[in-house]
Each structure stands twice: as C-alpha cells, then as structure tokens.
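Okay, so here's the structure we're looking at.
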Amino acid sequence: MSELTPTRSVVLELRDEQRAMREGHVFLDEKCLLLAAEIVAELGRYSGLARAVRQAGNEATRALVAAVARHGLEGLQVYPAMDLGDARLEQRQRSLMGVRLVDAAFVAPAALRPATIDPSPEAEQCRLACLALVDRAGALAAVTGNLERLSLEYRRSLRRARALADVLLPEVTRVTAELETRLEELEQEDAIWMSRPGRVPVR
C-alpha cells in the first residue's frame with residue numbers, strides 16, 4: 001500500500017475500504033455475541049441432557065442387574081428382543097448465522113412385544129430402560145455436535161474480527177494518513193509554483 005500514488009481518487013478508495021472494514025468489524029462483533037449466547041444456551045441443554053443420560057444409564061444398569069438375577073445371563077441373552085426395524089433418529093435442523101444446528105429425538109414406533117416363554121417384569125423394565133437411554137443419548141449427541149460447530153464458527157469469527165481491528169484497519173488508516181499528508185505537500189508545492197510569475201507546475 002505504501003507504493004500507492006498519492007491522488008484524491010486513491011485516498012477516497014482507501015476511505016471507502018476503511019469504512020467497509022469498520023462495518024465488517026461491527027458485524028463480526030455482533031455475530032460473536034450471538035454465537036456466544038447460543039453456546040451458553042446449548043451448554044445449558046448439554047448439562048441437563050448429560051445428567052439425564054447418566055440417570056438413564058444408572059437405571060438401565062439396575063434394570064439389567066435385576067433381569068440377570070431373574071433369568072440368569074444365558075436366559076437373558078435368549079430373551080426375545082423388540083423389533084426396532086422402524087426406529088429412527090428424528091432430526092430437526094435450524095440455522096444461526098450460517099451454523100447448522102440439529103435437535104434430535106429417538107423415535108421407536110409402538111410394536112407388539114414378541115412372544116416370550118418366560119416373561120417377567122424385570123426383563124420388560126430392562127428393555128424400557130435401555131430404550132430410554134438410547135433416546136437421551138441421541139439428543140445429547142445432537143447437542144454435542146451443535147457445540148462443536150458453534151465453537152468452530154465462534155473462533156473463526158473472532159480471529160477475523162481481531163485481524164480487522166489489529167492489523168488491517170490500522171494499516172489502511174496509516175497508509176491513508178500518509179497519502180493525505182503527501183497529497184497536501186504536493187498541493188502546496190503546486191500552489192507555490194503557481195504563485196510565481198511565468199511558472200507552470202511540472203505536474
């Protein structure tokens with residue numbers, strides 16, 4: 001930039017660039033604030049879901065212990081499983097400042113329990129507890145992904161804002177000031193030449 005020719009048009013272009021950089025910096029600042037607010041909200045959801053997953057895991061463990069005590073390990077291994085062929089992880093997508101966010105829920109259509117030779121409430125409770133664990137784990141996985149994407153975009157936007165504020169804007173401001181000073185000197189030289197009788201400025 002320091003090799004630019006000191007003319008009014010160049011100075012005006014640099015001022016326009018300076019103004020655009022300031023507007024970009026304001027936009028990035030606001031974007032960082034919005035992303036930070038969403039990160040805080042997602043962290044709240046993550047904390048609640050993580051507690052729910054731990055609780056569901058503990059309940060599934062207790063139910064499994066009870067079912068093994070009732071049927072034995074081999075008996076529980078051959079206990080008929082529920083058909084989850086139609087089960088799916090339902091996702092709803094939304095966007096914040098270009099960042100894709102996902103809400104997920106495990107959907108298992110109601111199915112008839114398979115015929116069982118030796119049914120028991122312990123085995124059925126184990127089945128339900130494991131389904132509940134899968135449901136909460138799916139929601140937690142979606143929030144974890146949201147946090148990763150939000151964090152990545154926040155760091156990227158913060159780096160750009162700092163580059164504008166600490167490097168690009170000061171450089172453009174410095175070069176603009178230098179060109180304006182040089183332009184004033186040239187105009188003064190021209191004025192001095194013009195004030196002399198019979199003199200015509202070279203430029």
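Side notes on the structure shown:
- Relative contact order (percent, whole number), region 8-195, Cα cutoff 8 Å, 6+ residue spacing: 35
- Residues Phe106, Phe27 arranged by fewest to most Cβ contacts within 10 Å: Phe27, Phe106
- Degrees separating the helix 121-163 axis from the principal Cα axis of the chain, which is the longest one: 10
- Degrees, to the nearest 10: 8-77 long Cα axis against longest axis of the chain: 10
- Total charge dipole magnitude, region 8-195, about the Cα centre, Cβ charges on Lys, Arg, Asp, Glu only, Debye to nearest 20: 1040
- Those GluC sites (Glu not before Pro) in region 1-89 that DSSP places in a loop and that have at most 13 other beta carbons within 10 Å: Glu3
- Which of Glu122, Glu90 has the fewest Cβ neighbours within 10 Å, and the rest in rising order: Glu90, Glu122
- Cβ-based charge dipole, the chain, positive-most Cα from Phe106, Pro170, Leu150: Phe106
- Cα centroids of region 36-53 and region 69-92: 29 Å apart.
- Degrees separating the helix 169-195 axis from the principal Cα axis of the chain, which is the longest one: 10
- Of the residues Gly98, Gly85, Gly44, the one that moves most in a GNM of the chain with alpha-carbon contacts below 10 Å is Gly85.
Computed from the coordinates by the stated procedures, all read-outs in this text should not be read as laboratory data. All values derive from a computational prediction rather than experimental measurement. All Cβ positions, glycine included, derive from the backbone under ideal geometry; neighbour counts span all protein chains shown.
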